[in-house]
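Right, one structure below, let's go through it.
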């Protein structure tokens, strides 16, 4: 085998024909495999089943008040448990319901109507507002911006975080840039962890908008695949040091620690930000589900147990990631038509085809019964300018299904690439 | 005893002096009683403790998927259970998280940014928007309007619902009136259930704004204190009949059926409205806590069991309401300085003092260790124009505490009334 680009026409044609046959025979298998979303598997859910038993009619004891109204910022025991995950003080954290995305969305919708700490006017009163979006990134972040007509400015994700030269230039000169999305550890989908230097520059940079906010979605904060865990610099501390304490909202959740549908979400920020959020929340609701917070507190007891629990997730996830990588290597290495990440954590492998091939690969895979994340999903407005990025989410299917799906993916990549070069 | 207004000066002075002595001696008791909020008691919470056991690691069975992402509109089993509570079809209901207030808030905040079904523009793009607020009403509704600069127009609550002549006139002539709050059964705090005629007129009335919405907060839909339950006409059906299917959002929750902090909230509306809400929700969150929905489904099984469960609440609540009413009657009847409701359900007794006395009564009660809902809380902007309304919430304290608190309240009312007449 040799790189496709160096193959002569008839070799390419032969490869195309052979691969096309494989593709047609796979179609006949009526596969139904889904690698579209970063969704934990049943096996992972079972790791936390005992959490459901940690508050019941027998053992609730003197915690009856968690069933009643109140404590809009969450129970103190939950703050004590989760503050170490984000490296903040108890006054700098607020414990919410089951979805950190919901908290992010609500912060933005309220900012549009009322502004944030340091705003001179509600964001929605400005002619136009913009967010910086490192790309590729998380589609649900971008959907919030799209929903609320917030213009998205793509900035490339480099090996140690977003292109900071570009970010600094943008925010220094444009007052309409009010925010920036970030998944700073094991970024979705590239698996990049921001370097100390990137964190430092984000905390320090001069912004034309006084009320510029970084939405620091630390979704994979404890989601290592191996014993190695890259250090992520504490951005809140860095922001304080540089005199910008209110610049960042940090988010995390137990969606991929316990249960995606019934976890606990947290937001951390400066005391001033947290008080502001708490005040707004008091208008919105009387309080979060505190019983579920208590379940988590009793199940984990302390932060070390959360870390130990995550090793069990890694034991399930790692073989799936390895399977994907092994098959990609063995099937594609020699052809030189795709590159991919080899992440040390998080939920995704990010693959780039030759320019102009991703959407056709995804379409063919679907035809063969393998659902991948939609083409362009990792880019603002669903538009991958080079049409090359494919996000692979190996968590939900079984190991065998992952292997099957990636075999199919490789066939589709070879098929589309040869066809393009013919 | 005779009516205070007919007493001569010295009799009034004697009554004042005697009551003042009683008041001073109560202050020495250092009471700490709270009747401020409609909060269920510990005894009521215990009625539902077994709900916590209805989903655990042993019995979850093949419902593992409720732990995962998805189903932004709730699980079908929960729709089937709660649709009868609001009298709608399964396509007309959406099951949310733990707080219906949160759903109401979010509908309004999104309407401000994006509009609702039938909107020509987002509400927030209009120069001014207004809501009709039947008064006295629920303070948390009014707080949402105040937070978002929605002007509130008070309309008096009559014996069978809001003053419909006034409501019809307002909405017919003012396009900036976009919404109206309603607690249609056992209204907060007056305990009024809207008559068929009022419901019919609300459904039928001509509104200048095409996108006028009624926020129908049926918080006390199954919260009868006796075996009698007043019929509330189905407003969604009435709206459909009159060609205004998208006019109403109906809300309910199990906050005062199971757990205030860990219940399940529902919204019901036309299919078109529900689809619109669902689409917006999909931007906001991946899904609600479906495990808690399943807990409720398994605990209640069917709607009849919810009704049977509510009788147990009534057994706890009724003696407290009776105690309040008995003491009010025995202490105040003859003086003619206060009137109060005798509700058949809900959470409140609404008391009116002589004009100009309520805030002083509430202040003195606080001084004597009895916390009541803040003066004016039941009115937009916290302003009770006649300063006479006091909301009594007997649910949370024990029966003995309720009796003590109402004795104190009566003393404060007599003290303030005599002082005013002197």
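Every read-out reported here was derived from the displayed coordinates using simple, explicitly stated rules and does not represent laboratory data. Not measured: the values here are computed from a predicted model. Ideal geometry is used to build each Cβ from the backbone, glycine not excepted, and the neighbour counts take in all protein chains shown.
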Percent of beta bridges antiparallel (DSSP, the protein assembly as shown, rounded to nearest 5): 45
Modelled label reach - residue B:330, point 7 Å along Cα→Cβ, region B:368-398 residues with backbone N closer than 19 Å: B:394, B:398
Neighbouring partner chain Cβ atoms per residue of A:95-102, average, 10 Å criterion: 5
Euclidean distance of C-alpha centroids, region B:128-145 and region B:271-300, integer Å: 26
Per-residue mean of C-beta atoms belonging to partner chains within 10 Å, peptide A:336-349: 0
For residue A:278, label point 7 Å along C-beta direction: distances to other copies, nm: 3.8
For region A:62-301, share of DSSP beta bridges that run antiparallel, in % to the nearest 5: 35
In degrees, nearest ten, helix B:164-173 long axis to first principal axis of chain B (Cα): 50
For residues of A:49-60, the mean tally of beta carbons on other chains within 10 Å: 5
Spacing of the two label points (7 Å from each Cα toward its C-beta) at residue B:301 and residue B:2, in nm: 6.4
Per-copy distances of the residue B:366 label point, shortest first, in nm (7 angstrom along Cα→Cβ): 6.1
Label 7 Å beyond Cα on the Cβ vector: residue B:301 copy-to-copy distances, nm: 3.8
Whole-Å distance, taken between Cα centres, linking region A:346-422 and region A:1-73: 14
Where labels lie 7 Å past Cα in the beta-carbon direction, separation of residue B:366 and residue A:14 in nm: 9.1
Alpha-carbon centroid distance for the pair region A:202-266 / region A:160-185, whole angstrom: 15
Nearest-0.05 FRET efficiency for residue B:159 and residue A:84, computed from C-beta distance (R0 51 Å): 0.35
Within a Gaussian network of chain A (alpha carbon springs, distance under 10 Å), most fluctuating of A:67, A:225, A:47: A:67
Relative contact order (%) - criterion: Cα under 8 Å, at least six apart; region: chain B: 27
Antiparallel DSSP beta bridges within chain B, as percent of all bridges there, nearest 5: 45
Within region A:134-169, backbone nitrogen closer than 19 Å to the virtual label 7 Å beyond the Cα of residue A:381 toward Cβ: A:134-157
Choice from A:202, A:409, A:45 showing the highest fluctuation, given a GNM over chain A with Cα pairs closer than 10 Å: A:45
Protection-proxy order for peptides B:28-35, A:319-326, each taking the mean of Cβ atoms within 10 Å per residue, highest first: A:319-326, B:28-35
